[in-house]
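One structure is given below, encoded as structure tokens.
The values are calculated or read from the model by the stated rules, or taken from the named source; none is laboratory data. This one's a predicted model, so the numbers in the text were calculated from it and none came from an experiment. Virtual Cβ from ideal backbone geometry, glycine too; neighbours counted across all protein chains shown. Heavy atoms of the whole protein, side chains included, go into the accessibility calculation; ligands, DNA and RNA do not. Shrake-Rupley method; radii C 1.70, N 1.55, O 1.52, S 1.80 Å.
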Amino acid sequence: MRLTDALTTTPGPRDAPGTELPPLSARQAAGVVGDVLLPVVAGGVIVRRPRAMSLLERTGWDRRGVERMRALRALHGSGPLPLTVRGRAYAMVLDPGDAERVLAGTPDPFSPATVEKRSSLAQFQPHGVLISAGRERAERREFVEQVLETPEPLHDLAGPLTGVIREEAAVLLAQGERSGQLRWEDFDAAWWRTVRRIVLGDAARDDTTLTAQLGALRSAANWSLAGPRRKRLRSAFLARVRSYAARAEPGSLAERVAGTPAATGTDRAGQIPHWLFAYDAAGMAAARALALLATHPREGEQARAEALGGTPAAPRELPYLRGCALESVRLWPTTPLILRESTAETSWEGGTLPAGTVFALYTPYLHRADPAGAYADSFAPRQWTEETGRQARANPALVPFSSGPAGCPGENLVLFTVSTLLAALLEGHGYTLASHPELRPAAPVPATLDHFALRFRVHPVSAG
């Protein structure tokens, strides 16, 4: 979606009662654009914008979006609620059952390859699974799942990857001990060194040019249909990725890419850019999880106890720390809008919606309002663990990594990476959040946490 598109709404046509679901009024649609769609676009759909994130945090704009959707549900029922944005048909999904239906029905009749998504992601991953269709999509998805070992809590490479994560955590901690603080800039640099080593191998550790190229392409992708086509830069970036894939360094995902059979047309190395893109969002989630643990003493102590509860160098599942990571993404979704475009007319309670409708799951609402259940604005990592029966996993409204056939194939690998890093950071150090907003156990968790502004004071703690 273009920013200019989000500023103009037009009411859609009303069909006879009992046929097509009637759209929201122009005034109601404008409210959705202003309080829901516009902040998502302003914050950056493909890469976050620092100034916009600061503005969203200061103004509580995201909270207004959640309240807007809550009010519309009270007025109109569970939806979906159709609206037209500059001639494009959308439907806001409010009900957990409807959300489950849309995500489970991917890719047919609910395709993830929307026009907006194809235009954006093609900037840096023209052959990625999310913007593929038909047999090509199925073959690429199968290849990606094999490389990432999608269903496995611990990837077969968990041993060497644990070493990589802990090495980079040690570098970050040494820097924090010298300065007495941990800033987002330092965390982000360490995170990207870790990601480049995990995905491409040790040779890519200090290749900041690769990350800068991806960042520039993602910035262009933020504008979707209105963005400039950075074809020369894209070619340079993809050539750089392919050069690492060709070396297939042992112990990296690139090695698995080279060694995993694939159908003709899969473009094995062409799947790597999406993993780099997804890992960036995971870094945001990791830093925010650390902020939650630093400000919630009971949860922080339980997380630290789990970190100290095994052999440090051995790969572990770390269920509680995984729950902390999942809570970070639930509370501050890294994908605020999950989009699916219908390939056929679909029937809903009260009427139908035509083919070509873009179904939008506004995850801050699903994760925070009534569909979220009892933990809406609380930090509750235990709801994701075995001890509590994994209530969150059973709630179709909670989709931190999406779900269904187009759910994130790297969820387990991402959770392993984040939880292992958090364990390494917590073993011998404590953290005091030194940035705003203030997070307190007894207060609702704020709707936005600007990760760019995060800053911690670091201090050693004894193992006892």
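Listed values, structure above:
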quantity: Failed item in (1) out of contact with any Phe, Trp or Tyr (no Cβ under 6 Å at 6 or more places or on another chain); (2) open to solvent by 30 Å² or more (accessible area, probe 1.4 Å), with C408 passing the rest; calculated: (1)
quantity: Only one of R298, R304, R330 that is among the basic types (K, R) and open to solvent by less than 30 Å² (accessible area, probe 1.4 Å); calculated: R330
quantity: T260 open to solvent by 50 Å² or more (accessible area, probe 1.4 Å) and β-branched (V, I, T); calculated: no
quantity: Single condition Q271 does not satisfy, out of (1) assigned to a loop (DSSP other than H, G, I, E, B); (2) open to solvent by less than 20 Å² (accessible area, probe 1.4 Å); (3) among the polar types (S, T, N, Q); calculated: (1)
quantity: Residues (open to solvent by less than 20 Å² (accessible area, probe 1.4 Å) and either polar (S, T, N, Q) or more than 26 Å from I338 (Cβ to Cβ) (or both)) located in region 411-420; calculated: T417, S419, T420
quantity: T194, sole failed condition from (1) under 17 Å from G128 (Cα atoms); (2) of a type in the set (S, T, N, Q); (3) touching a helix residue (DSSP H, G or I) at 6+ places or on another chain (Cβ under 8 Å); calculated: (1)
quantity: In region 68-87, the residues that are buried (at least 19 other Cβ atoms within 10 Å of the Cβ) and assigned to a strand (DSSP E or B); calculated: L81, P82, L83, V85
quantity: Residue in region 278-299 that is part of a helix (DSSP H, G or I), in contact with a helix residue (DSSP H, G or I) (Cβ under 8 Å, 6 or more places away or on another chain), more than 24 Å from M53 (Cα to Cα) and modelled with pLDDT of 95 or more present; calculated: yes
quantity: Near pairs, Cβ below 7 angstrom, 6+ apart or cross-chain, from region 298-318 (of a type in the set (S, T, N, Q)) to any residue that is crowded, with 17+ Cβ neighbours inside 10 Å; calculated: Q302/Y320
quantity: Neighbours by Cβ (under 8 Å, 6+ apart or cross-chain): first from region 151-168, touching a residue at least 60 places away in the same chain (Cβ under 8 Å); second among the polar types (S, T, N, Q) and outside any helix (DSSP H, G or I); calculated: L157/S252
quantity: Count of region 424-463 residues which are among the aromatic types (F, W, Y) and open to solvent by 50 Å² or more (accessible area, probe 1.4 Å); calculated: 1
quantity: Some residue of region 434-449 being of a type in the set (V, I, T) and assigned to a loop (DSSP other than H, G, I, E, B); calculated: yes
quantity: Top-ranked residue of region 150-179 - restricted to ones that are open to solvent by 40 Å² or more (accessible area, probe 1.4 Å) and charged (D, E, K, R), ranked as farthest from the chain's Cα centre (by Cα); calculated: R178
quantity: Selected residue [of a type in the set (D, E, K, R), modelled with pLDDT of 95 or more and in a helix (DSSP H, G or I)] from R322, R316, R340; calculated: R322
quantity: Members of region 356-398 found to be open to solvent by less than 10 Å² (accessible area, probe 1.4 Å) and part of a loop (DSSP other than H, G, I, E, B), listed by number; calculated: T357, A369, T385, A397
quantity: Boolean, E185 is in contact (Cβ under 8 Å) with a residue 12 or more places away in the chain and either under 26 Å from L217 (Cβ atoms) or surrounded by 17 or more Cβ atoms within 10 Å (Cβ to Cβ) (or both); calculated: no
quantity: Subset tally (residues that are in a helix (DSSP H, G or I), open to solvent by 40 Å² or more (accessible area, probe 1.4 Å) and in contact (Cβ under 8 Å) with a residue 60 or more places away in the chain) for region 207-254; calculated: 4
